[in-house]
Structure formats: structure tokens, C-alpha cells
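The values are calculated or read from the model by the stated rules, or taken from the named source; none is laboratory data. For clarity, every value in this text was computed on a predicted model and none was experimentally measured. Every residue, glycine among them, receives a Cβ derived from its backbone with ideal geometry; neighbour counts consider all protein chains shown. For accessibility, only protein heavy atoms count, side chains too; no ligands or nucleic acids. Shrake-Rupley method; radii C 1.70, N 1.55, O 1.52, S 1.80 Å.
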Amino acid sequence: MSTFKQFLRALKDCLGGKNLRQAHESDPRLKQSPMREGFGVGLINSEQISAYANALPTGLDDAKRQEGLTNWWGATDRESALETLGGLAYGNHTRIYAAALDQFLGRTPGTTAGPSENWRTGGLPPPIAEGAELAATQWAQEPPHERIAQTVDQIQRAYRELGDEKHGQYRPADYERGVAAWDLGRLVTVSRMCADQGLIGAAERDGIVAWAGASTAEQFATWDEVAVSYLIGRACLFGWDPSWRGLAAIAAQILDDAASPWTIPLRR
């Protein structure tokens, strides 16, 4: 085994363990569409924080959950939680990436696949849809030009070079597919944490997961596409480093684990 492969295996064992974390009782709803697809798109992020891979509660202890919501997401109360979830549902990072890739390739804005716009047409719980509307207003009033320019630089470094052990070097078509899985995956995990913390209700969490599932099935054909979209999103928005390689190892683990929800094809 090569040194690099040994490194990936050790990192995967450290970050995600050899087996996905399982609750004592699986939630049967996670075997039915669209909850199945919604829960699935969040698996890389949820495995990264060692959340359950077969139940909607994360299983995280109070201290770890609160630290994550406060330090990473700024979700300290219901209002801030709804704003955070709304921004993820709106797809802020997906939009930044799409604008940056179009700019990098010198083509008409709007060519690269962006996030689903179905948050406007129903499906999201109303409080989260209101948060998405707020994010849309903020984007219209003050587009993140500086962040788009930074992402162009990241794409320039990644394009035709980035890849992982499972999928090899990413193809132009992988970049064209966009990075909606990056926002959707984090949306699902954060909604699970917020529900555990009592910042949103269980019904609101379930509505978010179902909406994310419909959006995932709309934009991707396979779990491999979901994994690559998530990984390109992380790399082009925050760079690729040992942490990114750990996420790539987690994605490979989820694709290969016999107990993984990804063993059932995304589209059947």
C-alpha cells in the first residue's frame, strides 16, 4: 500500500471510524423518499462530526452540539438558527461557486448549475423559507464580489488537478454540475443539530430534510455525483488540505460501507 493510501486510511479511521455510527433503533422513514435522499446528502458532514447514520437525532452530547452550533454556525437562539438555515437553503456558497466558475471560464453568468430555486415554491417550512428570502435580499443588495473573486482563484488551482482516491481526477463535467451538495449536506446536518438543541421543532427539521431530499434527487443522479459535488464545494470555497482529504476518505467510506444508506441507489 502506498504512503498516501496509508495516510488516507489512517485519517478515515481517525475521523469517521471503520463503521458508520448507528443508533440502537433505525428510523424507518429514512428508507422512504424524499427523507432518504435528504438524509443521504447530509451523510458526509454528519459522519464528520460522528452523528448517527440511521436516525434523525444526531446522538451528539450537549457540550459538543452546543459548541458546534455556536462556534461554527453562530446559531445561539431560534432567530439566529433560522437565519443560518435559511442561508444554507438559499445556497449562498453554491451561488458563489457558480458565479466564480462562469467567470473563470469566461462565459455568460448563470451557465453553471446553481442551487434549486424551489424554496420559493413551497416545501420548506415557512420559517426557514423566510430565512432563505432574507438571504436572497442580502445577496441582491450586496453581492459577495470579493468572495467570488477568491473562489475564482481556488478554482484556478483546482481545475483539472483536484481528485480523490475513489473517483480519480475530477472531470470538467463534475465542476459543471455545481456544488449544491455542499450547501444541502450542511443544511441537513445543521437542522438535525438545531432540532436536538431545541432551536427548531422536529417537524421543521423533518421538513428541511424532505425538502433537501427533493432538491438532491432533482440535481443529482448518483451518490458518487453527490460526493464529488460536496468535495469540490469544500475545496473551491475553503481549499483542500488534510481536512479535505479526510472528507474524501469519509465519502469513500460511506460509498463502500455495507450499512451505509448510500448502498441504495439515489435514483431507483
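Summary table
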quantity: Top-ranked residue of the range 165-193 - restricted to ones that are among the basic types (K, R) and touching a residue at least 24 places away in the same chain (Cβ under 8 Å), ranked as surrounded by the fewest Cβ atoms within 10 Å (Cβ to Cβ); calculated: K166
quantity: Matching residues in the range 50-70 - criterion: being surrounded by fewer than 17 Cβ atoms within 10 Å (Cβ to Cβ) and either over 18 Å from the mean Cα position of the chain (by Cα) or closer than 21 Å to A180 by Cβ (or both); calculated: D61, D62, A63, K64, Q66, E67, T70
quantity: Residue match in the range 95-103 (condition: among the charged types (D, E, K, R) and part of a loop (DSSP other than H, G, I, E, B)); calculated: no
quantity: First in the range 76-88 and farther than 16 Å from L184 by Cα and free of Cβ contacts under 8 Å to residues at least 40 places away in the same chain, second anywhere and assigned to a helix (DSSP H, G or I) and open to solvent by 20 Å² or more (accessible area, probe 1.4 Å), Cβ under 7 Å, 6 or more apart; calculated: T76/T70
